[in-house]
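The structure appears below as structure tokens.
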Protein chains: 2
Amino acid sequence: MVKLTSQRQALLDFINASNRHWDADELARALADAGTPMGIATVYRGLAALESAGLLDSIQLADKKRYERADKAHHDHMICTDCGAIEEFAHPTIESLQLSVAADRGFTVSGHQLVIFGLCRGCSNQGL
Amino acid sequence: MVKLTSQRQALLDFINASNRHWDADELARALADAGTPMGIATVYRGLAALESAGLLDSIQLADKKRYERADKAHHDHMICTDCGAIEEFAHPTIESLQLSVAADRGFTVSGHQLVIFGLCRGCSNQGL
DNA sequence: ATGATATTGATAATGATTATCATTTGCATC
DNA sequence: GATGCAAATGATAATCATTATCAATATCAT
Ligand SMILES: [Mn+2]
Ligand SMILES: [Mn+2]
Ligand SMILES: [Zn+2]
Ligand SMILES: [Zn+2]
């Protein structure tokens, strides 16, 4: 039986109150600053538990995993390689084409991750 | 000036002779078995140098980076979460839709990574 | 309120990758 | 072909995110 502890509630509230993609360390620091410090191992375990309960979503980037609210529709991400900004986009046609190419190969899809790298509008304009 | 050493040549030859997606450790072991052992740090540095020279491609998976030949056209990957098989696919429409959605947001694309997770045909049929 | 059990937290361990640094090697130049 | 030097090598330490340990604590069904 999975328990809803004060630590997990704090993690969930914190992420749900924002629109960011948090890593474990950022959350530990932010929660400490907010007056609800918790051990870093508890942060990792809490995030994993909340995700498998469907209460959080995550994206696995090259170096670390980032968590976000789960109450948004499925979307993918564009990441600015200059300023680190993470933008979201949803594209139904891309989604369905993925399913069809997988089906063509007899592949049973359980998930996917699409990340576009480049320069966001602001950083693109820096170089003008 | 970047030097083409015997170690780097061995790495390149080894990967070009195969169709796999290698991680650094697999390469170190395979090269040792093949009679051209080299330090693991040399493997990492060699792979990075060859990739930035455009002689190798890579995909960054959750836990580790995997290298493959660069003489194939751009493609994305489907990974079987059961047996670990990595299949390749190319889909021009998905590619161009990515560029258009990025352009819509003023995003200058430098690259992307699309990975589809699920069960390959063989593993899908296991559960029948 | 009680007890079984899941969670916490401090810390050690792990695993992939990078940094150090003394030694060696590729290669441009003579 | 010999020389010189910047770049590469390799053994190993360090780093960084994440997971494992384990004794103490908190949750929750009863
Ligand atoms: Mn998102
Ligand atoms: Mn490939
Ligand atoms: Zn930017
Ligand atoms: Zn499979």
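The values are calculated or read from the model by the stated rules, or taken from the named source; none is laboratory data. Everything numeric here is computed off the predicted structure, so don't read it as measured data. Here Cβ is always computed from backbone atoms with ideal geometry, including for glycine, and neighbour counts include all displayed protein chains. These accessible areas exclude ligands, DNA and RNA; they are computed on the full protein's heavy atoms, side chains included. Shrake-Rupley method; radii C 1.70, N 1.55, O 1.52, S 1.80 Å.
At 7 angstrom along the Cα-to-beta-carbon line, where would the label on B:A32 sit relative to the other copies? Give the distances in nm, shortest first.
Once sorted, the set of distances for B:A32 reads 3.9 nm.
Hey, any idea what % of chain B's accessible area is carbon plus sulfur with a 1.4 Å probe?
53 percent
Using only the alpha carbons of the range B:76-126, determine the length spanned along each of the three principal axes and report them from longest to shortest in whole angstroms.
Per principal axis, max minus min of the Cα coordinates gives 45, 16, 13 Å.
Using the C-alpha atoms of the range B:6-69, what convex hull volume per residue, in cubic angstrom, is computed?
Hull volume normalised by residue count: 73 Å³.
Accessible area of B:M78, 1.4 Å probe, to the nearest 10 Å²?
0 Å²
For the range A:64-78, take each phi angle, set θ = phi - 60°, evaluate the Karplus expression 6.51 cos²θ - 1.76 cosθ + 1.60, and give the result in whole Hz per residue in order, putting x for glycine and proline.
8, 9, 10, 10, 9, 4, 9, 8, 10, 5, 3, 7, 10, 10, 10
Cut-off under 22 Å on the C-alpha distance; same-chain residues fewer than 8 positions from A:K64 excluded. Which lysines are left, in chain and number order?
A:K72, B:K64, B:K65
If you fit an axis through the alpha-carbon atoms of helix B:6-16 and take the longest principal axis of the Cα set of chain B, what angle between them do you get, 0 to 90°, nearest 10?
Once rounded, one gets 40 degrees.
Can you give the angle from 0 to 90° between the axis of helix B:24-33 and the longest principal axis of chain B, with both taken from C-alpha atoms, to the nearest 10?
Approximately 40 degrees, to the nearest ten.
Just report the Cα centroid separation between the range B:53-76 and the range B:1-17, whole Å.
That distance is 15 Å.
Could you pull the accessible area for B:E88 with a 1.4 Å probe, rounded to 10 Å²?
Only protein atoms counted, so the area is about 60 Å².
Taking the Cβ of A:R121 as the centre, find all other residues whose Cβ is under 15 Å away and add up their charges (Lys, Arg: +1; Asp, Glu: -1).
-3
Leaving out ligands, DNA and RNA but keeping every protein chain, what accessible area does B:E68 have, in Å² rounded to the nearest 10, with a 1.4 Å probe?
Using a 1.4 Å probe on the heavy atoms, I get roughly 10 Å².
Antiparallel as a % of all DSSP beta bridges within chain B, to the nearest 5?
Given both bridge residues lie in chain B, the antiparallel proportion sits at roughly 70 percent.
Would you mind calculating the relative contact order of chain B from Cα pairs under 8 angstrom and at least 6 residues apart, reporting the percent as a whole number?
It rounds to 21 percent for chain B.
Looking only at Cα atoms, what is the convex hull volume of the protein assembly as shown per residue, in Å³?
Enclosed volume per residue, from the Cα hull, is 189 Å³.
When the helices in chain A are scored as -39500 (n - 2.57) per DSSP H run of 4 or longer and the sum is shared across all residues, what 222 nm value do you end up with, to the nearest 500 deg cm²/dmol?
-12500 deg cm²/dmol
Say R0 is 45 Å: what FRET efficiency, to the nearest 0.05, do B:A85 and A:R45 get from their beta-carbon distance?
Efficiency at R0 = 45 Å is approximately 0.90.
Restricting to the range A:76-126, what percent of DSSP beta bridges are antiparallel, rounded to 5?
50 percent
Once the Cβ-Cβ distance between B:S52 and A:S124 is put in as r, and R0 is 25 Å, what FRET efficiency do you end up with, to the nearest 0.05?
In this case the efficiency is close to 0.65.
Cα axis of helix A:40-52 to longest principal axis of chain A: angle in degrees, 0 to 90, nearest 10?
Approximately 50 degrees, to the nearest ten.
Consider just the alpha-carbon atoms of chain B and return their Rg together with their Dmax, both in angstrom.
Cα-based Rg and Dmax for chain B come out at 17.1, 57 Å.
What fraction of the DSSP beta bridges in the protein assembly as shown is antiparallel, stated in percent and rounded to the nearest 5?
Approximately 80 percent, going by the DSSP bridge assignments.
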